[in-house]
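Scroll down for the structure; my scribbles are underneath it.
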Amino acid sequence: MGQLTINVNGHHYTIGCGDGEEDRLRSLAQALSARMKALVAEVGQVGDARLLVMLNLLLLDEIEEARGGMAPEAAGDGGEDRAAAILESLAARVETLAAALEDA
């Protein structure tokens with residue numbers, strides 16, 4: 001299993017990934033960091049946990065818009081179970097990161 005250390009909002013996180021997925025994860029992390037910087041520029045440093053929640057809400061809103069304005073559970077494209085599993089996995093990761101940030 002591969003690992004990559006990323007920087008988001010001045011904090012370093014070591015993230016596991018499948019072997020060979022490091023470049024993709026690095027690219028995603030750079031995009032996430034850029035979005036976080038834009039969010040911080042807009043609302044300020046309001047706390048890492050709050051920023052992560054806000055950023056995830058913005059990203060989920062973009063997903064919903066890309067699906068034609070339908071909520072993930074109402075997409076009806078046959079991929080509902082997969083989408084739900086992905087969202088649950090992301091939510092668990094966000095909760096883990098938020099807990100780690102609160103403990104830091």
### In the range 42-89, the residues that are open to solvent by 80 Å² or more (accessible area, probe 1.4 Å) and either closer than 30 Å to Thr14 by Cα or at pLDDT 70 or above (or both)
Glu42, Gln45, Arg50, Leu57, Leu58, Glu62, Glu65, Ala66, Asp81, Arg82, Glu88
### Summary
Residues of the range 1-31 being in contact with a helix residue (DSSP H, G or I) (Cβ under 9 Å, 6 or more places away or on another chain), open to solvent by 40 Å² or more (accessible area, probe 1.4 Å) and over 22 Å from Ala49 (Cβ atoms), in sequence order, are Gln3
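The values are calculated or read from the model by the stated rules, or taken from the named source; none is laboratory data. Treat the numbers as computed from the prediction; the structure is a model and nothing was measured. Every residue, glycine among them, receives a Cβ derived from its backbone with ideal geometry; neighbour counts consider all protein chains shown. Heavy atoms of the whole protein, side chains included, go into the accessibility calculation; ligands, DNA and RNA do not. Shrake-Rupley method; radii C 1.70, N 1.55, O 1.52, S 1.80 Å.
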